[in-house]
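Below you'll find the structure, written out as structure tokens, and then a few comments.
The values are calculated or read from the model by the stated rules, or taken from the named source; none is laboratory data. Please read all numbers here as calculations on a predicted model, not as lab measurements. Quick reminder, even Gly has a Cβ in these numbers, built from the backbone with ideal geometry, and neighbours come from all protein chains shown. Only protein heavy atoms, including side chains, enter the accessible area calculation; ligands, DNA and RNA are left aside. Shrake-Rupley method; radii C 1.70, N 1.55, O 1.52, S 1.80 Å.
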Amino acid sequence: DQQVKQNSPSLSVQEGRISILNCDYTNSMFDYFLWYKKYPAEGPTFLISISSIKDKNEDGRFTVFLNKSAKHLSLHIVPSQPGDSAVYFCAASARNQGGKLIFGQGTELSVKP
Amino acid sequence: EAQVTQNPRYLITVTGKKLTVTCSQNMNHEYMSWYRQDPGLGLRQIYYSMNVEVTDKGDVPEGYKVSRKEKRNFPLILESPSPNQTSLYFCASSLYLAGELFFGEGSRLTVL
């Protein structure tokens, strides 16, 4: 049972445009959500997180939106740059219950010059 | 520099030949974990450890063993590797169970 789903395996965007990566979850107990970025031949690195008490968190060009009623979160990258080309994983946990991080399948973003 | 170090980075082996992938972190983290990454399946947890001498199965533990004798080290052991264990493996650590994970650079294992 996949509790965290990223239904788009890949996404291609033009440089300067907005990239929107989506993630859905099924467990209503999840209260903490993160996005990780992974370049080839490297380990995933933390990008941005959001707690369930918020619906938006922004860090520079990266913004994460959380819609709890829809059990959906999204990562917006504006403007997209070629260096953003990577695989993006969303992850979720039921932090208040001591739950571990559950990862989605990942979305490969390609930003074309 | 805070880091998670895993070795080897690349390994080609044959079915049945025991191997160990080492993992070490220098951040004094309590929690460590192993993941495998396969196309279309994302990151799946193999085993995790909450502290020294405390380990537990993740989602895909079959065919793997771990140990946590020291806080900084968390080796992954494949006693009798099989081709379906060909994968990209990541070790990770964090201050606590659901905290921000710090990942190693990955170990690409091929079992022939």
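Of the trypsin sites (Lys or Arg not before Pro) in segment B:3-60, the ones in a loop by DSSP (not H, G, I, E or B) with at most 14 other beta carbons within 10 Å are B:ARG9, B:LYS17, B:LYS18.
Counting every Cα pair in chain A, what percent are over 23 Å apart?
Values: 1447 of 6328 pairs.
Distances greater than 23 Å cover 23 percent of the Cα pairs.
Based on Cα contacts under 8 Å between residues 6+ apart, chain A shows a relative contact order of 37 percent. For chain B, the extents of the C-alpha atoms along the principal axes are 36, 28, 26 Å, listed from largest to smallest. Mean partner shielding of peptide A:95-108, defined as the number of other chain Cβ atoms within 10 Å of each residue Cβ, is 5. Ligands, DNA and RNA aside, B:VAL4 has an accessible area near 20 Å² when probed at 1.4 Å. Taking Cβ atoms as reference points and 15 Å as the exclusive limit, the residues near A:ALA41 contribute a net charge of +1, counting Lys and Arg as +1 and Asp and Glu as -1.
In terms of its Cα atoms, segment A:1-62 spans 36, 28, 22 Å along the principal axes, sorted from long to short.
If a spin label sat at a point 7 angstrom from the Cα of B:SER80 along the line to its beta carbon, the backbone N atoms of segment B:12-48 nearer than 18 Å would be those of B:13-20. Largest GNM mean-square fluctuation across A:ASP59, A:ASP84, A:ASP24, computed for chain A with C-alpha springs under 10 Å, falls on A:ASP59.
Directionally averaged projected area (the protein assembly as shown, Cα convex hull): 12.3 nm². Under 8 Å for C-alpha pairs, at least 6 residues apart: give me the relative contact order for chain B, rounded to a whole percent. Result for chain B is 36 percent. Heavy-atom accessible area, probed at 1.4 angstrom with all protein chains present, ranks A:ILE18, A:ILE48, B:ILE12 as B:ILE12, A:ILE18, A:ILE48, highest first. Cross-link check: pairs A:LYS38/A:LYS100; A:LYS56/B:LYS69; A:LYS37/B:LYS17; B:LYS17/B:LYS71; A:LYS5/B:LYS69 evaluated at a Cα-Cα cut-off of 30 Å; pairs beyond the cut-off: A:LYS56/B:LYS69; A:LYS37/B:LYS17; A:LYS5/B:LYS69. The solvent-accessible area of B:SER87, taken with every protein chain present and a 1.4 Å probe, is close to 10 Å². Counting charges near A:ALA92 (Lys, Arg +1; Asp, Glu -1) among other residues having Cβ under 11 Å from its Cβ returns a value of +2. In the protein assembly as shown, a dipole from Cβ-located charges (positive for Lys and Arg, negative for Asp and Glu) runs towards its positive end, and of B:MET50, B:LEU78, B:LEU95 it is B:LEU78 whose Cα lies farthest in that direction.
Charging the Cβ of each Asp and Glu at -1 and of each Lys and Arg at +1, and nothing else, the dipole of chain B about its Cα centre rounds to 340 debye. Largest GNM mean-square fluctuation among A:ASN67, A:ASN96, A:ASN27, using chain A with Cα springs under 10 Å: A:ASN96.
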